[in-house]
1. Being modelled with pLDDT of 95 or more and crowded, with 22+ Cβ neighbours inside 10 Å is the filter; apply it to the range 144-156 and report the residue that is nearest to residue 220 (Cα to Cα).
2. Among the residues of the range 233-244, are any surrounded by fewer than 18 Cβ atoms within 10 Å (Cβ to Cβ) and closer than 26 Å to residue 47 by Cβ?
3. Can you tell me how many residues within the range 185-204 are without any contact (Cβ under 8 Å) to a residue 24 or more places away in the chain and more than 25 Å from residue 158 (Cα to Cα)?
4. Any chance the range 43-63 includes a residue that's closer than 21 Å to residue 133 by Cβ, more than 18 Å from the chain's Cα centre (by Cα) and either modelled with pLDDT of 95 or more or outside the structural domain of residue 32 (by TED's automatic domain parsing) (or both)?
5. Within the range 251-271, is there a residue that is in the same structural domain as residue 138 (by TED's automatic domain parsing) and assigned to a helix (DSSP H, G or I)?
6. Note down all Cβ pairs under 7 Å where the first residue falls in the range 80-91 and is assigned by TED's automatic domain parsing to the domain that holds residue 61 and at pLDDT below 95, the second is part of a helix (DSSP H, G or I) and surrounded by 24 or more Cβ atoms within 10 Å (Cβ to Cβ), and they're at least six residues apart or on different chains.
7. In the range 29-72, which residue that is closer than 19 Å to residue 119 by Cβ and in contact with a helix residue (DSSP H, G or I) (Cβ under 6 Å, 6 or more places away or on another chain) is surrounded by the most Cβ atoms within 10 Å (Cβ to Cβ)?
């Protein structure tokens, strides 16, 4: 498209490197907004606000969002990422649990990005309780609160099947767990359950210095690409029950860890062997398809 030529995504053409001119928030503005609201960031809610415009641009670029996307953002806070997403996508649906932040976000967008104010929808609710959205999202992009990152992701994947890809920023340790592969020390319940829905990849690190208040840990960027779920006769709930049991006693052999679920160690061994696996192996060595085969045999008995 020629410079200055009208087009469907012309709203993106005026974005520039200066955060103030582009509508993005800088560190001073983030603090001013917090002061106006009388807001003291809550550790309980994982409120650490991004103050660096370059980090916002990096997240959006890495997410691969386009002007056709409807983005679901969880925990928009003061709007650092929201403002950038509104410049790059068709619509942003933001879910914010904090009443003050949810009320302020539309005002911030109207003041700093009036051309895109109508493209924002704010839902003042707990993301874990939201079951219906005004439009099916195509992408999830979020700076997820550290303490609820895993349950929120699993809820979004299980509830809204319209989104095919996502990029989330989480605590580095959580990022490692989400993207871990079988056999690694960080592989566990979050790794396996997310693998039911998607391929998960660690795609970058984010310094604590880009946040206010500054956390004492590094953050990580995690890319999510939805894929077909495993072909199995077992339900998701049954497979996840096997995963929970296997990692609930991580150091035990699988036949022992699953004995309660199967009814006995003998029954567990039979189900594991029928799945083509060694009953003496441990859950940390299995992938999601292995767990699905075990679930088929345990729950079909």
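The values are calculated or read from the model by the stated rules, or taken from the named source; none is laboratory data. Keep in mind that what you see is a predicted model, and the values were worked out from it rather than measured. All Cβ positions, even for glycine, are placed from backbone atoms using ideal geometry, and neighbour counts span all protein chains on display.
1. 153
2. no
3. Here the count works out to 1.
4. no
5. No, that holds for no residue.
6. Correct list of pairs: empty, since none qualify.
7. 71
Residues checked against (1) farther than 29 Å from residue 54 by Cα; (2) surrounded by 14 or more Cβ atoms within 10 Å (Cβ to Cβ):
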position: 115; (1), (2): no, no
position: 142; (1), (2): no, yes
position: 160; (1), (2): yes, yes
position: 186; (1), (2): yes, yes
position: 212; (1), (2): no, yes
